[in-house]
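The values are calculated or read from the model by the stated rules, or taken from the named source; none is laboratory data. Source: prediction; values computed, not measured. Cβ: placed from backbone, ideal geometry, glycine included. Neighbour counts: every protein chain shown. For accessibility, only protein heavy atoms count, side chains too; no ligands or nucleic acids. Shrake-Rupley method; radii C 1.70, N 1.55, O 1.52, S 1.80 Å.
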Amino acid sequence: EMIKQWYQRRVRGLWSLPYLYLTVFTDHLTEMFSSSHNPNKDHEVTQPPNDSVSSLSFSPSADFLVGGSWDNCVRCWEIKQSGSVVQSEPKAEQLMAGPILSTCWSGDGSKVFAGGCDKSVKMWDLNSNTFTQVAAHDAPVKTVNWIQAPGYQCIMTGSWDKTLKFWDTRQQQPMMTINCEERVYASDVLYPAAVVVLAGRKVKVLSLENQPTVLHTSEPPLRYQLRDISIFKKDGKPAGYGVCSIEGRAAIEPFDNNSANSKDKFTFKCHRSATSDHNKPQEIYSVNGIKFHPSYGTLATVGSDGKFAFWDKDARTKLKGSEQLDNTITCCDFNHNGQYFAYASSYDWSKGHSFHNPQQKNYIFVRAVKDELKPRKK
């Protein structure tokens, strides 16, 4: 703002340019000074996608990262670290017939599943490098999750056709279908629990023991469209979920109904512009992703403001806020031991077609988080 005011005074005095042109010029100058594509100095993944990144998933057993994109490709990278330097190596990629909306791994890390706008789910066997269809819906597939239960294993797929389907990948027909009230927007699985976000701000909670069963459907205390959901643990077991929305807000919801009115259930504001002037409107951004750290139980959120943030839900405090990128952040994930945090910088279409810049490059960044997500000492 100081730069802007100084240039306005100087340029008005010297050249008397029209105020409109001056404002555009100084706004552009301020933006150049205040943001860049990698202000946090994190590792840029080699050979990123050519279009917006819709999904990032780390292997449950090794440091391999897959990303799904609107360029119809699912890609795999190996993430390494030499001293304090993070490195990435592209390993392989596969092409689908439409944009990819979701990715996940099998429990042993040998296979990747990708679902998308061609209404199918493909299984990528990394050992044989084969890519075969294992599921189908009547509309685009928005979510894919792996379920590893004592008595069965399968993938859970959620679609805009308002169904959840469960597939044994060796069979052509689903093991089970659950009809939903609305389109599926997001989901997460942490055995024996699953959570599914539907259009209309609804969340289904499922038990996966014996066979998938819907326990209840509820509406979190968020007033606008829900974007992402993630299950958190307590004492090693699923204890609740975090859910985020387009209104710059997230909610923490415990599974235990006895905790419904306790301190464990709350909402918090995030990804909003900081302003001390109460007469000036606050800019509110979509929270596009939420993920819990696998060891600490703290969490990360990413948003349309081009920032990520780390939070301690138990202490109800922000642990770290990032510098602002020059593009929105669409999704994120932690690796299996919480050493790495990956996030994608690409346009999320939150401001419509007129703000889309096809010349702007897409990036995936990997951050070695070290102790940045350690909970605050009580």
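For the range 38-79, what does the alpha-carbon gyration tensor say about shape, rounded, prolate or oblate, given a ≥ b ≥ c as the root eigenvalues, a/c under 1.5 as rounded, and a/b over b/c as prolate? Taking the square roots of the gyration eigenvalues as a ≥ b ≥ c, the range 38-79 is oblate. For THR328, neighbours were defined as the other residues whose beta-carbon sits under 10 Å from its Cβ, and their charges (Lys and Arg +1, Asp and Glu -1) total -1. Of the accessible area of the range 61-104, computed with a 1.4 Å probe over protein heavy atoms only, carbon and sulfur atoms account for 49 percent. Using a probe of 1.4 Å on the protein chains alone, the accessible area found for ARG227 is around 80 Å². With contacts taken as Cα pairs under 8 Å at a separation of at least 6 residues, the chain carries a relative contact order of 12 percent. For GLU182, the shell of other residues with beta-carbons less than 13 Å away shows a net charge of +3, using +1 for Lys and Arg and -1 for Asp and Glu.
Taking amide H atoms as placed 1.01 Å from N in the peptide plane, the amide H of LYS320 lies under 5 Å from those of PHE310, each 5 or more residues away in sequence or on another chain. Summing Lys and Arg as +1 and Asp and Glu as -1 over all other residues whose Cβ lies under 9 Å from the Cβ of LEU319 gives a net charge of +2.
Would you please classify the overall shape of the range 232-339 from the alpha carbon gyration tensor, given that a ≥ b ≥ c denote the square roots of the eigenvalues, rounded means a/c under 1.5, and beyond that prolate means a/b larger than b/c while oblate covers the rest? Please list the in-between numbers first.
Numbers: a/c = 2.26, a/b = 1.40, b/c = 1.62.
Because a/c hits 1.5 or more and a/b fails to exceed b/c, the range 232-339 counts as oblate.
When the chain is treated as a GNM with alpha-carbon contacts under 10 Å, the residue of ALA193, ALA135, ALA62 showing the greatest mean-square fluctuation is ALA62. Highest GNM mean-square fluctuation among GLY151, GLY248, GLY338, for the chain modelled with Cα contacts below 10 Å: GLY151.
Highest mobility in the GNM of the chain, judged by mean-square fluctuation with C-alpha springs under 10 Å and restricted to CYS331, CYS244, CYS73, is found for CYS73.
Radius of gyration (Cα atoms) of the chain, expressed as a multiple of 2.2 N^0.38 Å: 1.03. Checking the Cα-Cα distances for LYS41/LYS91; LYS237/LYS313; LYS119/LYS162; LYS320/LYS377 against a 20 Å cut-off, the pairs over it are LYS41/LYS91. Shown here for the range 239-306: trypsin sites (Lys or Arg not before Pro) in loop regions (DSSP other than H, G, I, E, B) with at most 13 other Cβ atoms within 10 Å, namely LYS263.
Average accessible surface for the chain: 49 Å² per residue, computed with a 1.4 Å probe over protein heavy atoms with every protein chain in place. Counting only protein heavy atoms and using a 1.4 Å probe, the accessible area of MET175 comes to about 100 Å².
Classify the range 94-207 as rounded, prolate or oblate from the Cα gyration tensor: take a ≥ b ≥ c as the square roots of its eigenvalues, call it rounded if a/c is under 1.5, otherwise prolate when a/b beats b/c and oblate if not. Note, shape of the range 94-207 comes out oblate. Amide H to amide H, with H built 1.01 Å from N, ALA149 comes under 5 Å of CYS154, counting only residues 5 or more places away or on other chains. The phi-based Karplus calculation (6.51 cos²θ - 1.76 cosθ + 1.60; θ = phi - 60°) puts the 3J(HN,Hα) values of the range 79-92 at 9, 10, 9, 10, x, 9, 9, 7, 10, 9, 10, x, 9, 6 Hz, whole numbers, x for Gly and Pro.
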